[in-house]
Number of protein chains: 2
Amino acid sequence: MTDKTRRQGRIIGVGLGPGAIDLLSVRADRLLRDATHIAYFRKQGAAGRARTLVAPIIDETAPEEYAMEYPVTTEIPLSDPRYNQLLSEFYDSCTGHIASLSNAGHDVIILCEGDPFFYGSFMHLFTRLQADYPVEVVPGITGMSAAWTATGLPMTWGDDVMTVLMGTMDITKMRDALAIADAVVIMKIGRHFKKIAGLLEETGLASRAYIVCYAAMADETIYRLSDYSEDRLPYFSIIVIHGQGRRP
Amino acid sequence: MTDKTRRQGRIIGVGLGPGAIDLLSVRADRLLRDATHIAYFRKQGAAGRARTLVAPIIDETAPEEYAMEYPVTTEIPLSDPRYNQLLSEFYDSCTGHIASLSNAGHDVIILCEGDPFFYGSFMHLFTRLQADYPVEVVPGITGMSAAWTATGLPMTWGDDVMTVLMGTMDITKMRDALAIADAVVIMKIGRHFKKIAGLLEETGLASRAYIVCYAAMADETIYRLSDYSEDRLPYFSIIVIHGQGRRP
């Protein structure tokens, strides 16, 4: 029998920012130091980037931990219905566990790289929980902010249009979007790198493009696109093309 | 005679985030608590939003302050060459003062609302200083992150294209950009509100649009676009249209 008089615990998606411990917000830092239960996504067999990032804060306070390990989907194409079904079951299962913690009165902090509502896995939990549970979100510094900061050049001026694109998207749509944008961010590049580099060459943007790997992290590296000779980029890589708008 | 042996002070553009004191990063918070010299932009006759935001931190430590007051430009149209000249002289003058502080060995923290390299006035100082002075930048949570967080709906999913537009931009270009975007942010709206609302109606986006005023601040207010009946928006208002991409 469920104890209906017990207060549901808060569920808080906390943006951790781009990957430096002191780029957490003060609010995120406090929530983590006081946390009794944390949850985070990670690849099977990995420590998890989010968990590793916050180690300096939580290792002292030793909260209860719930690691949500992504199912292995590399052999199922994105277009296969089984892909969506597998992920959907995974998010349902994670949601069930977090809901049970909340029902038991525990506050649960969900670690979110970057900003929780900006292309984040947390959003799949959020949409499943929000109707029945007290879910809150703490915004964070995005990886793209850290990437353009790392280039040492301002990103957007005056009336510049800035467009954010995924390397996994349709290449024709990407070409159309590039034609209108003044400033461009491309994320989730990985094995799509050669295709994207070719498109940037074709559209005359390649000479202005920077590659930032592991922005704000210890292994941060910045290249001009024209100086990068590998066939693919590490997962945490962002292409940045700065705007050129009005500047008095 | 300049003392060439003296170390130049660091000049640090510090992102303050969207407007809540605990949404500063831990790094920004520490830099401000240790600051001996701060500089910030403000309108003539106003306390300044950036300065007001950090009052709880710096009022104890009482650093030296340099308020950079924008010249009044309301009577000069953007297209008039005098507009650019007036602003350029203003930024030159601010740069000169900050450079003199650095030459005297002082570290100077420049307060930047949001993220310094994202449509920020700081960028005009940065480009004038970077060749000759040690200038650093601390990224911040953008106002747009706080705005979509305030709506309580995730912003971008899967391969969604997100586009950031300025209300001050050419309306034809805005129409073209809206045609390609899945998720949209519109900033600097003010007196352009009616024109933009009309365009969102025309393009079928109005029913999905939210208005967020003063995101993350004490007077944060959220409207559906269809429920907003005034002719203009306050300056700190952002229109948010959420993406609808893949979600297992």
* To do: Pull out a ≥ b ≥ c, the square roots of the eigenvalues of the alpha-carbon gyration tensor of the stretch B:3-160, then state rounded if a/c is under 1.5, prolate if not and a/b is larger than b/c, and oblate in the remaining case.
  => oblate
* Considering every residue in B:24-35, what mean count of other chain Cβ atoms within 10 Å of its Cβ is obtained? -> 4
* Asked: So how far apart, in nm, are the two label points at residue A:244 and residue B:36 if each is 7 Å from Cα heading toward Cβ?
  -> 4.2 nm
* Could you work out the helix-only [θ] at 222 nm for chain B, with each DSSP H run of four or more residues adding -39,500 (n - 2.57) and the total divided by the number of residues, to the nearest 500 deg cm²/dmol? -> -9500 deg cm²/dmol
* Write down the radius of gyration of the stretch B:144-241 and its Dmax, each obtained from C-alpha positions, in Å. => 12.4, 36
* Please identify which residues in the stretch B:137-160 have an amide N closer than 12 Å to a label point set 7 Å out from the Cα of residue B:52, following the Cα→Cβ vector. => none
* Using the structure shown, list the pairs from A:173/B:194; A:43/A:195; A:173/A:195; B:173/B:194; A:194/B:173 with a Cα-Cα distance above 20 Å, or answer none. => A:173/B:194; A:43/A:195; A:194/B:173
* Asked: What is the fewest-to-most order of A:163, A:151, B:73 by other Cβ atoms lying within 10 Å of their Cβ?
  -> B:73, A:151, A:163
* Nm distances between the label at residue A:168 and the same-position labels in the remaining copies, 7 Å along Cα→Cβ, shortest first? -> 3.7
* Asked: By DSSP, what percent of the beta bridges with both residues in the stretch A:11-141 are antiparallel, rounded to the nearest 5?
  -> 5 percent
* Determine the gain in length on full extension of the stretch residue A:8-residue A:132; use 0.36 nm per residue of separation and subtract their C-alpha separation, reporting nm with one decimal. => 43.7 nm
* By the scheme Lys and Arg +1, Asp and Glu -1, what is the net charge of all other residues having a beta-carbon under 12 Å from that of residue A:180? -> -1
* Using Cα pairs closer than 8 Å and at least 6 residues apart in sequence, work out the relative contact order for chain A, in percent. => 23 percent
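Each value in this text was obtained by applying a stated rule to the coordinates, not by laboratory testing. In this text, all values refer to a predicted model and were calculated from it rather than measured experimentally. Note that each Cβ is placed from the backbone with ideal geometry, even for glycine, and that neighbours are counted across all protein chains shown.
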